[in-house]
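The values are calculated or read from the model by the stated rules, or taken from the named source; none is laboratory data. Since the structure is predicted, the reported quantities are computational estimates derived from the model, not experimental observations. As a convention, Cβ positions derive from the backbone with ideal geometry for all residues, glycine included, and neighbour counts pool all protein chains shown.
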């Protein structure tokens, strides 16, 4: 995250992640202590500071990004054509958990751009098909 945003305030990190400021503060304290990030004065506000990646933090971020990328690619390959449906359902689950917990929704969304334009059915249609199949399985289980 820091790699893509450059110098960023802890308040902005809290907004982007949906984490409470106290949680962000604790995480930043640990990251600073480990040498991954550093605090710099905020030139626009003398009362606050900005967080930046250190050289060590950049190297470790790239190493983690590479490893994570391999895992994500393997998961996407495993899911195949179902990937867009799984993403949408995970977002629905995340939205529900956040609503119950009283936490704001994440500032990013799975968009239709993530859906393969060659797909014959929309995400809503595929969801309906899945729900119908689950209903048939439940109905047949009762009959057995």
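Here are the numbers for the structure shown:
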| read-out | value |
| --- | --- |
| Which listed residue, of 83, 90, 16, is touching a helix residue (DSSP H, G or I) at 6+ places or on another chain (Cβ under 9 Å), surrounded by 11 or more Cβ atoms within 10 Å (Cβ to Cβ), at pLDDT below 95 and within 30 Å of residue 128 (Cα to Cα) | 83 |
| Residues of the stretch 31-54 that turn out to be part of a helix (DSSP H, G or I) and either on the phi > 0 side of the Ramachandran plot or surrounded by 10 or more Cβ atoms within 10 Å (Cβ to Cβ) (or both), as a count | 2 |
| Where residue 67 falls short, out of the listed (1) surrounded by fewer than 15 Cβ atoms within 10 Å (Cβ to Cβ); (2) in contact with a strand residue (DSSP E or B) (Cβ under 8 Å, 6 or more places away or on another chain) | (2) |
| Selection status of residue 26, within 22 Å of residue 106 (Cα to Cα), exposed (fewer than 15 other Cβ atoms within 10 Å of the Cβ) and at pLDDT 95 or above | yes |
| Scan of the stretch 18-51 for residues that are touching a residue at least 12 places away in the same chain (Cβ under 8 Å), more than 27 Å from residue 103 (Cβ to Cβ) and touching a strand residue (DSSP E or B) at 6+ places or on another chain (Cβ under 7 Å), ordered by number | 38, 40 |
